[in-house]
Amino acid sequence: MPMDALCLSAVLRETEGAVVGGRIDKIHQPSRDEILLHIRGQGGPCRLLLSANPSRARIQLTALPRENPAQPPMFCMLLRKYLAGGKILALRQPPMERLAELVIEGTNEMGDKVPRRLILEAMGRRTNLILLDGEDRIVDCLRRAGGDLTQARPLLPGMFYQYPEAQAGKLDPRTLTQEAFQALADSAGDTPADRFLLDHFLGLSPLLARELAFEAFGETDAPVGRDPAGLYARLARLLTQVEEGKTTPTLLVREGSPVDVSFRPILQYGPTTESRSCQTFGALLDQFYQEKETAERVRQKGQDFLKTLNHARERLVRKMALQEKELADTAHRERDRMYGDLITANLYRMTKGERVLQAENYYDPEGGTIDIPLDPRKSPQQNAAQYYKKYTKAKTAEAMLTLQLEKGVKEKEYLDSVLDAVSRAEGDRDLEEIRQELVETGYLRRRAKAKDRMKRPATKPLEFRSSAGLRISVGRNNLQNDRLTTKLAGKYDYWLHTQKIHGAHVILWAEGQRPDDQSLHEAACLAAWFSQGREGKKVPVDYTPVKYVKKPAGARPGMVVYTTYQTAYVDPDPTLAERLKA
C-alpha cells in the first residue's frame with residue numbers, strides 16, 4: 001500500500017529513537033530518487049533512507065548496501081554542503097499528513113549553528129524532497145515545481161516553504177466525536193464503508209479503509225449505515241493503537257511472493273494471503289522493496305545495452321528462421337539428382353523444345369513412369385546439367401546452413417545468458433562488467449570519453465557458507481563465471497550449473513576432499529536460485545569436479561563443456577541465499 005499517514009507514524013516512531021541526537025557522517029544518492037544518510041546515533045551507526053520515488057515513497061532505517069554512482073549528483077552535493085556533520089534534533093510529522101521532517105542543526109559560513117529542515121513529502125506523483133534553511137526558505141528541491149509562479153504552490157529555491165493544503169472536505173479522525181461520525185454516516189446512505197472512510201477522513205489508505213470495513217461488517221463493500229457505531233469503535237481503537245505504538249510490521253504474502261505491507265495484520269483477503277510479522281519496519285520495507293528496486297535500477301541503468309541485446313537477439317531469431325526454411329528446401333536435392341540421371345539416360349529420344357519428359361523411373365522398385373519438367377529453351381543436355389547444378393547447390397547449402405544454424409544456436413544461448421546476468425545484476429559494477437563483456441564480444445562500441453573508459457575494480461562473486469562450513473562462490477556474470485571456473489577453482493573443487501537452463505556458475509570449494517551431501521545439496525539449490533529456473537520446481541542441476549569442465553577454444557564468455565557429471569533435482573529456495581550468505 002502507499003505509505004499513508006498512520007503507517008508513516010508507526011515507521012517514524014521506530015526511526016526516531018535511532019536517529020534523533022545522532023550526527024550525519026555521510027550523505028549519498030544511490031539513485032535519482034533516493035538519499036541515504038549515514039548517522040552516528042546514540043545506539044550506534046545506522047543508515048536512514050529517504051525515497052522520493054512516486055511509487056515507493058518512504059523514510060526508513062535500512063540495512064541493505066546500496067552502490068553509489070562514481071560522480072555524486074548535484075542535489076547530493078548540496079545536501080553534503082549544508083547537512084554533513086549536522087546533528088539531528090528532531091524527527092516529526094504534521095498531524096495526519098504524509099510528511100516527515102528532519103530538523104538538523106548545522107553551521108553556516110560564519111561557523112554559527114543554524115537549524116535546517118529536510119522534508120520528505122510522500123504524496124504519490126507529487127512526492128518530493130525539500131531542503132529548507134533556518135528561515136524556512138527553500139534551498140533546493142529534488143524536483144523543482146512551478147516555472148509558472150501563478151500556480152498554487154511553487155517549489156523553487158529562495159521561496160518560502162508552505163505545507164501542502166489539506167485535502168478539501170476531509171477531517172482529522174482523531175478529533176471527531178461519535179455523534180459527528182454518526183451524522184456523517186446517516187448522510188452517506190448506502191455508500192460502501194471503505195469509500196465513506198476514504199472520502200471523509202485524512203490519513204487512511206484504501207487497504208486500511210477496507211480492513212476497517214471488514215472488521216466491522218465481515219465484508220469490505222458493506223454500506224456504512226449498517227453499523228456506523230461499530231465502524232467508529234474500530235477506527236477509534238486503531239488510532240489509539242497507533243498513538244500508543246502498538247503496531248506490528250506486517251508483510252502480506254500471496255503464493256510465496258510479497259504483495260503489500262502494513263503496520264498491522266490484514267485479514268480481509270482470507271486464507272489466500274498470509275500476514276507475516278517482521279521484527280522492525282526497516283527490515284519489513286527492505287524485504288518488500290529490495291527486489292523491485294533492484295529490477296528498477298537495472299532497467300534504468302542497463303537500458304541502453306538491454307535494447308542492443310534484445311535487438312541483436314530478435315535479428316538472430318529472424319535470421320535463423322529464414323535459414324531453417326532454406327534448409328528445409330534443400331530436402332528436394334535428391335529428386336533433382338534423380339531427374340538429372342533420368343534425363344541423361346533418355347537423351348537418345350529427346351529433342352529440344354520439349355516441356356515434359358515421360359520416362360521409366362528405374363529408381364522406383366515397382367518400375368513406374370515419371371514426368372520430369374523441362375525448359376523448352378534448353379537442350380536435353382542443358383536440362384540435365386541444370387538439375388545437377390541444383391543438386392550440387394542444395395548439397396552445399398545444406399552443409400553451410402547446418403553450420404550457420406549451429407553457430408546461431410550458440411549465439412542465441414550466449415545472448416540469453418547475458419540477459420539472465422542482467423536480470424540478476426545488483427548494481428552499477430555488475431552492469432559495468434556486463435557492458436565490458438559486450439564491448440569485448442563486439443556488441444557495443446568502446447566508450448570514447450576517457451572518464452567513461454576508467455576501469456573500476458572488478459566485482460567479486462557472491463559468497464556463501466554451507467551448513468558444514470564449506471565456501472560456495474556464485475558468478476554474477478559470464479566474465480566472473482569464466483574466472484571462477486577456469487582460473488580460480490582447483491580441479492578437485494565442484495562445479496555446479498543448471499542443466500540446459502541459463503544461470504550462474506557455482507563453485508563448491510571442496511578443499512581437496514569429497515564434500516558432504518548437505519553442502520552439495522545447498523550448492524545445487526543456490527545454482528537453481530541464481531538461474532532462469534528460480535520460479536520452477538525440481539530444477540535439474542549438474543555437478544562434477546572442475547577437472548571435467550573445459551572451455552572450448554574461441555567459445556563465448558561463460559560457455560563450457562563438461563563430462564562425467566551427476567544431476568540433482570532441487571527446489572529453488574528464496575531464503576537459502578540469505579541464510580548461507582557469508
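The values are calculated or read from the model by the stated rules, or taken from the named source; none is laboratory data. Here the structure is a predicted model, which is why all the values come from computation and not from measurement. Note: ideal-geometry Cβ built from the backbone for every residue, glycine included; neighbour counts use all protein chains shown.
Worth pointing out:
- Exactly one residue out of Arg276, Arg237 is closer than 27 Å to Ser55 by Cα, outside the structural domain of Arg47 (by TED's automatic domain parsing) and of a type in the set (Lys, Arg), and it is Arg276.
- Glu215 in contact with a Leu (Cβ under 8 Å, 6 or more places away or on another chain), in contact (Cβ under 8 Å) with a residue 24 or more places away in the chain, in the same structural domain as Phe281 (by TED's automatic domain parsing) and surrounded by 20 or more Cβ atoms within 10 Å (Cβ to Cβ): no
- Thr247 farther than 19 Å from Val11 by Cβ, within 35 Å of the chain's Cα centre (by Cα) and either surrounded by 15 or more Cβ atoms within 10 Å (Cβ to Cβ) or free of Cβ contacts under 8 Å to residues at least 24 places away in the same chain (or both): no
- Of all residues in segment 319-353, those satisfying the criterion of being part of a loop (DSSP other than H, G, I, E, B), at negative phi and surrounded by fewer than 17 Cβ atoms within 10 Å (Cβ to Cβ) are Asn346, Thr351, Lys352.
- Evaluation of Arg556 against (1) modelled with pLDDT under 95; (2) surrounded by 14 or more Cβ atoms within 10 Å (Cβ to Cβ); (3) in contact with a strand residue (DSSP E or B) (Cβ under 9 Å, 6 or more places away or on another chain) (one fails), failing number: (3)
- No other residue among Leu129, Leu120 is under 27 Å from Pro173 (Cβ atoms) and crowded, with 16+ Cβ neighbours inside 10 Å apart from Leu120.
- Hey, Ile39 under 25 Å from Arg126 (Cα atoms) and either part of a loop (DSSP other than H, G, I, E, B) or touching a strand residue (DSSP E or B) at 6+ places or on another chain (Cβ under 9 Å) (or both) or not: no
- Taken together, the criteria exclude Asp221 from residues that are in the same structural domain as Phe181 (by TED's automatic domain parsing), surrounded by fewer than 20 Cβ atoms within 10 Å (Cβ to Cβ) and part of a helix (DSSP H, G or I).
- Hey, Arg445 modelled with pLDDT of 85 or more and of a type outside the set (Gly, Ala, Ser) or not: no
- Filter result (part of a loop (DSSP other than H, G, I, E, B), aliphatic (A, V, I, L, M) and over 24 Å from the mean Cα position of the chain (by Cα)) within segment 541-582: Ala553, Ala555, Met559, Val560
- When segment 51-83 is filtered for residues that are surrounded by fewer than 19 Cβ atoms within 10 Å (Cβ to Cβ), charged (D, E, K, R) and in contact (Cβ under 8 Å) with a residue 12 or more places away in the chain, the ones remaining, listed by number, are Arg66, Glu67, Arg80.
- None of Ala180, Ala166, Ala185 is assigned to a loop (DSSP other than H, G, I, E, B) and either over 18 Å from Ala52 (Cα atoms) or of a type outside the set (S, T, N, Q) (or both) except Ala166.
- Boolean, Asp420 is in contact (Cβ under 8 Å) with a residue 24 or more places away in the chain, outside any strand (DSSP E or B), surrounded by 14 or more Cβ atoms within 10 Å (Cβ to Cβ) and touching a strand residue (DSSP E or B) at 6+ places or on another chain (Cβ under 9 Å): yes
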